[in-house]
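I am attaching a structure below and will ask some questions about it afterwards.
Just so it is clear, none of the values below were taken in a lab; they were calculated from the coordinates. This is a predicted model, so every value here is computed, not measured. Virtual Cβ from ideal backbone geometry, glycine too; neighbours counted across all protein chains shown.
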Amino acid sequence: MAQPMSLDVNGRAAPVSVDDPDTPLLYVLRDDLGLHGPRFGCGLGQCGACTVHVDGQAVRSCITPVSSLKAGAKIVTLEGLGSLDKPHPVQAAFIAEQAAQCGYCINGMIMQSAALLSETPKPDETAIRQALAQNLCRCGTHQRIVRAVQRAAGTL
């Protein structure tokens with residue numbers, strides 16, 4: 001039997017109904033709410049493509065059961081981080097540094113970077129690399145990604 005619940009996604013109430021409480025948050029965000037920033041990568045929480053913020057913390061939505069979210073949890077996806085007219089500083093820096101190649105990992109890289117900068121506004125290169133170590137990129141844009149995070153840190 002479907003279980004109705006209301007999520008706070010990108011600052012808006014989002015009523016959803018899930019048949020299985022173990023349904024991953026990623027599926028609810030993509031399939032039920034039509035958000036496509038978080039991506040399905042590995043399905044095991046190991047690549048970072050599905051990263052979103054839950055109450056300000058970067059989490060892997062592919063392994064986060066929707067039933068594990070507490071009432072009132074605030075979920076932010078890439079779409080809610082910034083807009084085309086007013087991108088988040090991390091989004092703007094990724095664009096300026098041309099840090100995306102294929103773009104598949106970029107959701108996770110941006111969301112993880114934004115979480116890092118909210119906790120550590122001026123991280124050094126080592127801290128940036130450590131924060132992003134569990135986010136996989138096969139295109140080899142790591143140097144540009146690190147520069148983008150440094151650029152964003154300089155604008156915050």
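Can you tell me which condition G45 does not meet? The list is (1) part of a loop (DSSP other than H, G, I, E, B); (2) closer than 17 Å to A131 by Cα; (3) touching a residue at least 24 places away in the same chain (Cβ under 8 Å), and all the others hold.
Going through (1) part of a loop (DSSP other than H, G, I, E, B); (2) closer than 17 Å to A131 by Cα; (3) touching a residue at least 24 places away in the same chain (Cβ under 8 Å) one by one, G45 breaks only (3).
A further question on this structure: Starting from residues that are hydroxyl-bearing (S, T, Y) and assigned to a helix (DSSP H, G or I), keep the ones in the range 98-151 and report whichever is surrounded by the most Cβ atoms within 10 Å (Cβ to Cβ).
Kept after step one, since they are hydroxyl-bearing (S, T, Y), are these residues of the range 98-151: 104, 113, 118, 120, 126, 141.
From what is left, the residues that are assigned to a helix (DSSP H, G or I) are 113, 118, 126.
Details: S113: 30, S118: 14, T126: 8.
Result: S113.
Right, S6: among the polar types (S, T, N, Q), surrounded by fewer than 16 Cβ atoms within 10 Å (Cβ to Cβ) and within 22 Å of A152 (Cβ to Cβ) or not?
No: the conditions fail for S6.
Same structure again: Taking only the range 50-72 into account, find how many residues are among the aliphatic types (A, V, I, L, M) and assigned to a loop (DSSP other than H, G, I, E, B).
Initially, the range 50-72 is screened for residues among the aliphatic types (A, V, I, L, M), giving 52, 54, 58-59, 63, 66, 69, 71.
Cutting the leftovers down to assigned to a loop (DSSP other than H, G, I, E, B) gives us 69, 71.
Of the residues in the range 50-72, 2 are among the aliphatic types (A, V, I, L, M) and assigned to a loop (DSSP other than H, G, I, E, B).
Out of everything in the range 68-87 that is touching a residue at least 60 places away in the same chain (Cβ under 8 Å) and not hydrophobic (A, V, I, L, M, F, W, C), what residue ends up being nearest to A115 (Cα to Cα)?
Within the range 68-87, the first condition is being touching a residue at least 60 places away in the same chain (Cβ under 8 Å), and the residues that meet it are 69, 72-77, 79-80.
Narrowing further to those that are not hydrophobic (A, V, I, L, M, F, W, C): 72, 74, 77, 79-80.
On the way: G72: 19, K74: 14, T77: 12, E79: 15, G80: 14 Å.
Ranking the candidates gives T77 first.
Right, next: Restricting to the range 73-97, name every residue that is out of contact with any Asp or Glu (no Cβ under 8 Å at 6 or more places or on another chain) and part of a loop (DSSP other than H, G, I, E, B).
Selection gives T77, G82, S83, L84, D85, K86, P87, H88, E97.
So that you can scan it fast, the table gives a plain yes or no per residue for (1) hydrophobic (A, V, I, L, M, F, W, C); (2) surrounded by fewer than 22 Cβ atoms within 10 Å (Cβ to Cβ):
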site	(1), (2)
L26	yes, no
H36	no, yes
F40	yes, yes
G43	no, yes
S68	no, yes
G82	no, yes
A96	yes, yes
